[in-house]
Amino acid sequence: MAGQLHPQLLLSRQYCRFFSVINSQIHTSSGLAAKDHFKVLVLGGGSGGITMAARMKRKVGAQNVAIVEPSEVHYYQPIWTLVGAGAKSVASSGRSTASVIPSGVTWVKSKVAEFDPKNNTVHTDCGKKISYDYLIVALGLVLHYEKIKGLPEGFEHPKIGSNYSVKTVEKTWNALKNFKEGNALFTYPNTPIKCGGAPQKIMYLSDAFLRKTGKRSKANIIYNTSLPVLFGVKKYADALWDIVKKRDLNINLRHNLIEVRADKQEAVFENLDKPGETVVYKYEMIHVTPPMGPPAVLKGSSLEDAAGWLDVNKNTLQHKTYANVFGIGDCTNLPTSKTAAAVAAQSAVLDRTVSRILKKQTPDKTYDGYTSCPLVTSYNTVILAEFDYDGQPLETFPVDQSKESRVMYHMKADLMPHLYWHGLLKGLWGGPGPYRTIMHLGMK
């Protein structure tokens, strides 16, 4: 089971280190690049950064592209929902960064320390100054467990986990499989987050596990969310409310976690509709979704909006002030859900935008805000939510995707990881848009 995979994870990381050495002749790293100027500089080695590096390699040649990323391991994070429920191993989610960076592209193994967009340069934490013609920012977002009193030190105690970090995802499974009786708490913070469906996916999976193991009658499952709705798109929210009622799950809207007293197994929530009012819950297990925010390095860079996110045009992904700067993924202020599916759709648009800019032409492709959230509702069913900027369903398949589906579960668990590693990260998958048109006979 996934709760006992520490040796596998260790082996995986040892493999990653070995692979990094093997790849040292392919990727230049640690800020020792022979060049300090690149036609295209990509910041961040997550899904957005890697796919754009692959696409830009085909546009301008590998020798003209560099990627700045400090981490030695790249994770397929969407699978952590299933890791936290014991259905997948954490080791299966990681591969060496060296193995996913496009061959020939320069890897600067450092953190971004400072932006100087007026002079087309970036400074790294190892003191290197890199200049560029075009900059693609794909720095992701930051988890802020420390903004909840009692965390992250509370993770040293049992019965508490979080599927949002490789360090804590197995703790979720340990808490779930060792559950005896009492409250099972699941939280959603009062900030933008990535994969907005994940906080409740683990609730549905926990419910299914407890039923399977004969413990459900002893469990009181509670989902406390800061949001005023269960899900932001009504079609899918209605379907989820039906599941909630059928399975006797307790939903408290506008409740935000502010403290975890792990030694007492207590969680404190503020009522956002009644300032100053707090409620304390005892728990037998708790899954914490942390507050999240933009990368701190954006602050004061002149690239950020008032909230600190990269300020880009929502249609073209071009920066609103600097015409040679672009953004993709979680670090941007695009008004859509922050998911890998959104990154895929954005990558196709950004590829076209940069191509046009390289030719001194005006961008002509528009991002419609497409994003997707496979809402895992059990160990064999998924509601596949797909929607646009306006929160309108934008479904790929000619069926009602608000219905629980076994086929969609297998797509989530088995097909999507393959599509991620061999499609998106290779710069070959730009979302299901073209297939949606075919599936709906050109009517969508």
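Observations on the structure shown:
- Exactly one residue out of Lys320, Lys338, Lys359, Lys365 is surrounded by fewer than 22 Cβ atoms within 10 Å (Cβ to Cβ) and under 15 Å from the mean Cα position of the chain (by Cα): that is Lys338.
- Evaluated against (1) in the same structural domain as Asn224 (by the TED database); (2) open to solvent by 30 Å² or more (accessible area, probe 1.4 Å); (3) touching a helix residue (DSSP H, G or I) at 6+ places or on another chain (Cβ under 7 Å), Ile258 falls short on exactly one condition, (3).
- Each residue in the range 112-151 was checked for being surrounded by fewer than 18 Cβ atoms within 10 Å (Cβ to Cβ) and within 23 Å of Gly427 (Cα to Cα), and 1 of them qualify.
- Scanning the range 367-395 for residues that are of a type in the set (Gly, Ala, Ser) and not in a loop (DSSP other than H, G, I, E, B) yields a count of 2.
- Whichever residue in the range 52-108 is out of contact with any strand residue (DSSP E or B) (no Cβ under 8 Å at 6 or more places or on another chain) and basic (Lys, Arg) and, among such residues, is surrounded by the fewest Cβ atoms within 10 Å (Cβ to Cβ): Arg58
- Within the range 187-196, one or more residues are farther than 30 Å from Val42 by Cβ, in a loop (DSSP other than H, G, I, E, B) and open to solvent by 30 Å² or more (accessible area, probe 1.4 Å).
- Residues of the range 376-403 satisfying the condition of being charged (D, E, K, R) and either within 18 Å of the chain's Cα centre (by Cα) or crowded, with 20+ Cβ neighbours inside 10 Å (or both): Glu386, Asp388, Glu395
- Selection within the range 336-361 - more than 30 Å from Lys412 (Cβ to Cβ) and not in a helix (DSSP H, G or I): Lys359, Lys360, Gln361
- The lone exception for Pro275 - which of (1) open to solvent by 10 Å² or more (accessible area, probe 1.4 Å); (2) in a strand (DSSP E or B) it fails: (2)
- Count - residues of the range 284-300 that are assigned to a loop (DSSP other than H, G, I, E, B) and open to solvent by 10 Å² or more (accessible area, probe 1.4 Å): 6
- Taken together, the residues in the range 86-113 that are hydrophobic (A, V, I, L, M, F, W, C) and either in a helix (DSSP H, G or I) or under 18 Å from the mean Cα position of the chain (by Cα) (or both) amount to 4.
- Every residue from the range 424-434 that is assigned to a helix (DSSP H, G or I) and touching a residue at least 40 places away in the same chain (Cβ under 8 Å): Leu424, Gly433
The values are calculated or read from the model by the stated rules, or taken from the named source; none is laboratory data. From a predicted model like this one, the values you see are computed outputs, not experimental measurements. Cβ atoms come from the backbone with ideal geometry, glycine included; neighbour counts cover every protein chain shown. With ligands, DNA and RNA removed, areas are computed over all heavy atoms of the protein, side chains included. Shrake-Rupley method; radii C 1.70, N 1.55, O 1.52, S 1.80 Å.
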